[in-house]
Amino acid sequence: MNKLSSKQLKAGMVVAKDIVTKQGQTIAKAGTVLNAQLIAKLSFYRIAEVFVEEKLPDVEDSAKEVDLVDAPEEPQPAEEPEPEPEEEKPEPPKPSGKRNETIAYSERLKATPEFQEFSINYSRNIAALKTSFKQIVDGEGDKIDMNGMLREAESLFSSRTSLDLFDMLHNMRTLDDATYAHSVNVALVARAIGKWLKMRRDDLNLLTIAGLLHDVGKIRIPEEILNKTGKLTDEEFAMIRRHPADGYSMLKKIPGIDRAVLDCAIQHHERFDGSGYPNHLPGEQIEDMAAIIAIADVYDAMTATRNYRAPKSAFQVIAAFENDGLHKYNPKFILTFLQNIANAYQNNRVILNDGTSARIIYINQSKLSRPMVQLDSGAVIDLSRQPDLEITKCL
């Protein structure tokens, strides 16, 4: 076992002792294989020295999943992604532009064992949710396996940092099974928010179930209306706006259903300033879990692929929340959500709308959607002072 300064660390070295910050936050466990991302993270946390093994791991060991501890959910310092295991394979060619770099990153991610496992579990969640929705519609809600639904959802969340989870979700985007995929995503995003808010485990589980079931009312809306690219007629718009009440009516028939699940179904389109629907409730009348589901619902909808537009990046969504007016959402929740989403991308590579690639080096707390970035050339740009530039893709 050797003790090295952070500047002496190289990709492929193996951590010999847990790496812990002065505040007691575990960054990486013993046995973690270092890579460039994790070394940069150590610098961010001002870790001066690290104990490493004397010998490098063999190929089999280095291909194992890196065992990082999910950091405590705090606005600062930012939560960073778990490093991917080092593999002995040639470096991919450097992309020549925005589209090529985005595709290359997505393809690399989807080729990892972690993503493939996530994809299998995700598909299993979709199938389970379809069965549950059908049981509810058929009046057989008493047959729903709530504990099974929760276990399946937790399998997607388990052992992942928030950035890892959001990264996986962004690369699972598909127009097929959109309602079910959206419900799974909202459940996971809401659970992440709940963790950031230090909610108790029982409440996290209830929030997850509420997220899974919040949109069950959409099952009564024809697919051609849900996926319509043109302007909705007044009748079609009214049908869509009925789905919270329809979902509530179906869910309340389930014996023993928790009141919070019903509230989330009927209130997830209510807004803190009273501008939402179906009942235009003011903030003090909106249940906390419903207010959290509302944020997760909007975030997932905006980052999803649609027939009529490409998905928005996390920073474009943050900008939309900022521009739309934070007064529409519970201030206890929306600020925590936006700060943690932005901070999660500290040191992450991004693509700007002019096609250039960069790395986020500083989050502007007064303008979360517009951080400072460093271009590949080394130049530093403060996006809060460059209104013509924005982040269109997070890599």
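Bear in mind these aren't lab numbers, they're just calculated from the coordinates by the rules spelled out. Everything numeric here is computed off the predicted structure, so don't read it as measured data. Neighbour counts run over all protein chains shown; Cβ positions are idealised from the backbone, glycine included.
Dipole magnitude for segment 280-385: about 340 debye, using +1 per Lys or Arg Cβ and -1 per Asp or Glu Cβ, origin at the Cα centre. If you find the alpha carbon centre of segment 171-228 and of segment 126-142, how far apart are they in angstrom? Measuring centre to centre over Cα atoms gives 15 Å. Based on the alpha-carbon gyration tensor of segment 279-395 and its eigenvalue square roots a ≥ b ≥ c, which shape applies: rounded if a/c is under 1.5, prolate if not and a/b is larger than b/c, or oblate? Prolate, since a/c reaches 1.5 and a/b exceeds b/c. Would you work out if segment 157-313 is rounded, prolate or oblate? Take a ≥ b ≥ c from the square roots of the eigenvalues of the alpha-carbon gyration tensor; rounded if a/c is under 1.5, else prolate when a/b is larger than b/c, oblate otherwise. The shape class here is oblate. Taking a ≥ b ≥ c as the square roots of the eigenvalues of the Cα gyration tensor, segment 103-239 is oblate, since a/c reaches 1.5 or more and a/b is not larger than b/c. A straight chain from R151 to K252 at 0.36 nm per residue would run longer than the Cα-Cα distance by 34.1 nm. Exceedance of the 30 Å cut-off in Cα-Cα distance is limited, within the set K231/K252; K130/K195; K252/K328, to K231/K252.
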